[in-house]
Amino acid sequence: MIGRLERRAIDIRGVVQGVGFRPFVHGLATRLHLVGFVANRGGRVEVEVEGDPEALAEFERELRASAPPLARIESLVARDVAARGEPDFRIHPSRGDASPAVYIAPDVATCEACLAELFDPADRRFAYPFINCTACGPRLTIITGSPYDRERTTMAGFAMCERCRREYEDPGDRRFHAEPIACPECGPRLAAFDGSGSIRDADPIRAAATALTSGRIVAVKGLGGFHLACDAENEAAVAMLRARKHREDKPFAVMVAGIDAAVSLCEVDAAEADLLQSPARPIVLLAKRRGARVAAAVAPDGNRLGLMLPYTPLHHLLMSAVGHRALVMTSGNRSDEPIAIANDDARSRLRGIADLVLLHDRDIRVRCEDSVVRLVAASPVVIRRSRGYAPAPLGLAFDCSAPILAVGGQLKNTFALGRGREAIVSHHVGDLDDLMAFDAFERDVALYERTFNLGPAVVAHDLHPDYASTRFALARTGVTHVGVQHHHAHLASCMAEHGLEGPVIGVVWDGAGWGPDGSIWGGEFLVGDRGDVYRAAHFRAVALPGGDLAAREPWRMALAHLRDAGLDDSDALRAVPETTRRAVARMVERGLNAPMTSSVGRLFDAVAALCGAATAMTFEGQAAMWLESLAEASADAGRYPFDLGNPAEAGSMPPMTIDTRPLIARVEADRAAGVLPAVIARRFHTTLVDVVAGVARALRARTGLRRVVLTGGVFLNGILTAEIERRLAGEAFEVYRHRVVSPGDGGLSLGQLAVAAARIGQPKAR
Ligand code: ZN
Ligand code: ZN
Ligand code: FE
């Protein structure tokens with residue numbers, strides 16, 4: 001070779017283990033005729049390459065440009081070292097070091113290369129439901145400890161056959177160190193059970209497909225839990241699934257074979273198609289086409305349908321066995337219980353729901369439900385960040401000067417770990433009211449701490465004393481506790497996503513959160529930064545008759561708001577017996593079992609009840625979702641009045657109050673005058689946009705701030721999010737909203753972490 005040789009040592013951090021990174025580096029170096037080595041060092045990858053300078057430059061470019069799809073390079077630092085002149089390029093055996101950062105990749109949908117093999121009759125893994133490689137397959141859901149290797153996954157009990165071992169050990173093979181590697185000879189197997197026991201003489205996938213196409217319900221073991229499946233076109237089957245699962249209205253997700261099938265059911269733009277096909281394979285909420293061939297019972301009210309594409313080899317085989325028809329794929333549980341993950345648990349708990357159970361002997365360690373995303377004005381709104389996304393690390397603009405555990409909220413719980421300039425937000429754990437979910441929470445917190453090798457010195461939690469997560473946090477000894485107000489956590493969560501520091505205006509609207517004044521907050525304008533905020537404005541507080549019950553019975557909130565506005569009652573609430581209404585009216589008047597709340601979520605309930613959804617909802621937020629889909633049907637340009645108390649006042653005290661009485665009075669007047677519910681819903685949404693614009697302007701005048709952050713569960717609402725964003729941008733505000741974690745309580749843990757990091761950075765922890 002002519003010219004001089006140079007040698008470069010490159011340190012790479014990020015998601016670079018368990019994703020096929022070393023074989024990729026090996027292949028690249030070999031192709032460019034470089035010598036040297038690559039090695040895993042704790043949580044990072046170390047490379048030394050030697051060769052002519054041009055090839056070295058090309059190597060560094062390609063490292064970034066064509067890294068394996070699952071890899072995420074957070075940092076890449078190269079320096080010159082002395083040339084050594086080895087004969088070739090090698091992969092050195094792994095060796096742990098003191099570096100504490102260990103990453104686990106999220107679970108990933110079956111890749112194209114594996115799919116090709118799956119359907120190739122000549123391949124030894126033809127039709128094998130557990131095919132995977134370094135670019136795809138289970139990760140988080142099978143992990144039992146750290147470091148990530150086969151011994152510390154639920155694949156430990158499967159001894160590799162000789163051929164699998166050879167692939168596993170060959171640096172040139174695309175299954176080099178694919179920890180869950182398996183084949184029909186040595187790997188997991190399927191089995192099917194019906195009411196009478198194991199079905200031995202039939203192929204389990206055939207048996208499941210036959211059951212599905214003849215209108216029966218099948219439980220299918222997935223990556224992070226069981227699904228309940230049925231034919232999505234079969235009205236009777238879907239209705240039966242609803243009845244047996246005790247799930248009355250909540251929409252079911254549907255799995256379709258591919259993009260063409262998705263397009264036949266829903267409007268799918270290019271960005272949505274990308275999202276559907278992304279390696280995370282989330283459920284994507286899409287606008288349903290008129291006359292889409294899907295049973296009405298799949299999504300009873302609403303204009304949207306949640307679609308996803310197959311993401312395991314088993315899904316692909318099943319879809320092909322049912323002739324690519326659309327299947328309902330909903331979580332394998334009864335109503336509000338956590339999704340089943342263990343075989344015996346599934347067989348006992350799902351008995352009576354499923355006619356057939358399709359399972360296998362690869363255990364699921366971490367319960368991880370499907371992620372749910374929608375696109376609003378071309379940007380994602382994450383309804384649930386879980387399978388496929390968690391636990392990928394998020395970069396932070398601030399430093400966690402000590403390791404932090406943030407335990408999240410009570411509902412839609414996630415927890416988060418923070419270290420240095422990184423946060424790891426967990427999968428969706430669920431509602432901690434449920435004992436099974438709380439057990440999983442405790443086990444998974446311990447697993448994450450072990451796996452990521454992080455012992456927290458600081459534990460951040462909500463101020464609500466009755467949250468199971470708060471009690472868990474306070475029971476931890478030998479750590480610094482940081483209590484974080486619920487809405488401050490929401491705000492800090494969105495700020496952390498965007499790397500925002502310094503003061504902002506936060507619009508924090510949700511269902512309920514513990515307020516420091518003893519009332520329930522949920523319609524807040526906070527001004528401040530990650531470390532501290534003050535309540536600059538809020539909705540007028542009204543009674544919440546029956547406490548949490550009010551979230552499921554919207555008429556209660558309607559009654560509370562009507563009485564607040566000086567009105568007695570409304571014909572819209574007639575479906576509720578008069579004696580019941582009168583009892584609740586008394587609760588409101590006497591303040592018995594009726595805490596005060598400024599919640600915008602509950603304001604949505606009140607308006608929905610007046611629009612015709614008075615009686616029981618089966619899940620929180622249902623009334624608001626229904627109101628949003630109603631509003632989509634109207635182009636009315638009207639709006640309702642509201643009052644802003646003391647907007648001109650200087651300083652921070654007292655906060656402005658958004659008086660909802662004129663609004664409620666006009667809604668009720670419209671209703672009584674026979675105005676269509678869709679028009680009322682539309683006007684209500686416009687009014688809320690007006691409220692944000694009005695308050696934001698007043699706060700800008702007071703404080704000079706122009707950065708506005710939108711957060712809280714109410715911002716799952718697409719109309720509100722898009723229109724507020726547009727209006728504020730038009731008035732020269734800088735608007736920020738969530739794109740990575742949920743605006744709802746699933747995003748709380750990240751915010752708690754961000755606040756805690758700010759407070760421990762100060763000399764005196766609060
Ligand atoms: Zn693959
Ligand atoms: Zn094998
Ligand atoms: Fe909240």
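Bear in mind these aren't lab numbers, they're just calculated from the coordinates by the rules spelled out. Please read all numbers here as calculations on a predicted model, not as lab measurements. Note: ideal-geometry Cβ built from the backbone for every residue, glycine included; neighbour counts use all protein chains shown.
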Once phi for every residue in the range 44-52 is put through the Karplus expression 6.51 cos²θ - 1.76 cosθ + 1.60 (θ = phi - 60°), the whole-Hz ³J(HN,Hα) values, with Gly and Pro written as x, are 10, 10, 10, 10, 10, 10, 9, x, 7
When the expected Rg is taken as 2.2 N^0.38 Å, what fraction or multiple of it is the alpha-carbon Rg of the range 638-729? 1.19
10 Å binning of all Cα-Cα separations within the range 201-293, expressed as whole percents from 0 upward: 14, 40, 38, 8, 0
Contour minus Cα-Cα distance for Leu463 and His246 (0.36 nm per residue): 74.8 nm
For the range 370-417, what are Rg and Dmax over the alpha carbons, in angstrom? 13.2, 38
Along the range 402-416, Karplus-curve 3J(HN,Hα) (6.51, -1.76, 1.60; θ = phi - 60°) to the nearest Hz, with x for Gly and Pro, reads 9, x, 10, 10, 10, 8, x, x, 9, 9, 6, 4, 10, 10, 9
What length, rounded to one decimal in nm, is gained on full extension from Arg206 through to Arg290, with 0.36 nm per residue of separation minus their alpha-carbon distance? 27.0 nm
What shape does the range 295-346 have by the C-alpha gyration tensor, where a ≥ b ≥ c are the square roots of the eigenvalues, rounded means a/c under 1.5, and otherwise prolate means a/b greater than b/c and oblate the rest? oblate
Nitroxide proxy distance, nm - points 7 Å out along Cα→Cβ at Ala701 and Arg4: 6.9
Which stretch or stretches of the range 620-642 have amide N atoms under 20 Å from the point lying 7 Å from Ala575's Cα along the Cα→Cβ direction? 620-633
Would you compute, for the Cα atoms of the range 282-421, the largest minus smallest coordinate along each principal axis and list the three values in descending order, in whole Å? 54, 42, 29
Ratio Rg/Rh [Cα only; Rh per Kirkwood] for the chain: 0.99
In the chain the DSSP beta bridges are antiparallel at a rate, in percent to nearest 5, of 70
For Val376, distant residues with modelled amide H under 5 Å away: Val381
According to the square roots a ≥ b ≥ c of the eigenvalues of the Cα gyration tensor, what is the shape class of the range 544-604, taking rounded for a/c under 1.5, prolate for a/b larger than b/c otherwise, and oblate for the remainder? rounded
Shape call for the range 42-183, from the Cα gyration tensor axes a ≥ b ≥ c (a/c under 1.5 means rounded, otherwise prolate when a/b beats b/c, else oblate), comes out prolate
Viscosity 0.890 mPa s, temperature 25 °C: Stokes-Einstein D of the range 306-387 from its Kirkwood Cα radius, in µm² per second? 165
Check the cysteines of the chain one by one and keep only those with no other cysteine Cβ under 4.7 Å from their own. Cys114, Cys133, Cys164, Cys183, Cys230, Cys266, Cys368, Cys400, Cys494, Cys611
In Å, the Kirkwood hydrodynamic radius of the range 231-270 over pairs of distinct alpha carbons? 11.7
The answer for Thr153, listing residues at least 5 apart or on another chain whose modeled amide H is closer than 5 Å to its amide H, is Thr144
So what is log10(I(q)/I(0)) for the range 346-470 at q = 0.09, 0.17 1/Å, when the Debye sum runs over its Cα atoms only? -0.32, -0.99
Which value results for Rg/Rh of the range 465-583 when Rg is the Cα radius of gyration and Rh the Kirkwood radius based on the inverse mean 1/r? 1.08
Show me, for the range 503-519, the HN-Hα J-couplings you get by feeding each phi into the Karplus relation (A = 6.51, B = -1.76, C = 1.60, θ = phi - 60°), rounded to Hz, glycine and proline as x. x, 9, 9, x, 9, 10, 10, 8, x, 6, x, 5, x, x, 8, x, 8
Could you calculate, for the range 1-60, the ratio of the Cα radius of gyration to the Kirkwood radius, expressed as Rg to Rh? 0.99
Taking the simple approach of a point 7 Å from Cα along Cα-to-Cβ for both Asp170 and Ala57, what is their distance in nm? 3.6
Amide H to amide H under 5 Å from Ala536: which residues, 5+ apart in sequence or cross-chain, H placed 1.01 Å off N in plane? Phe525, Leu526, Val527
Cα-based Rg/(2.2 N^0.38 Å) for the range 700-751, rounded to two decimals, is 1.21
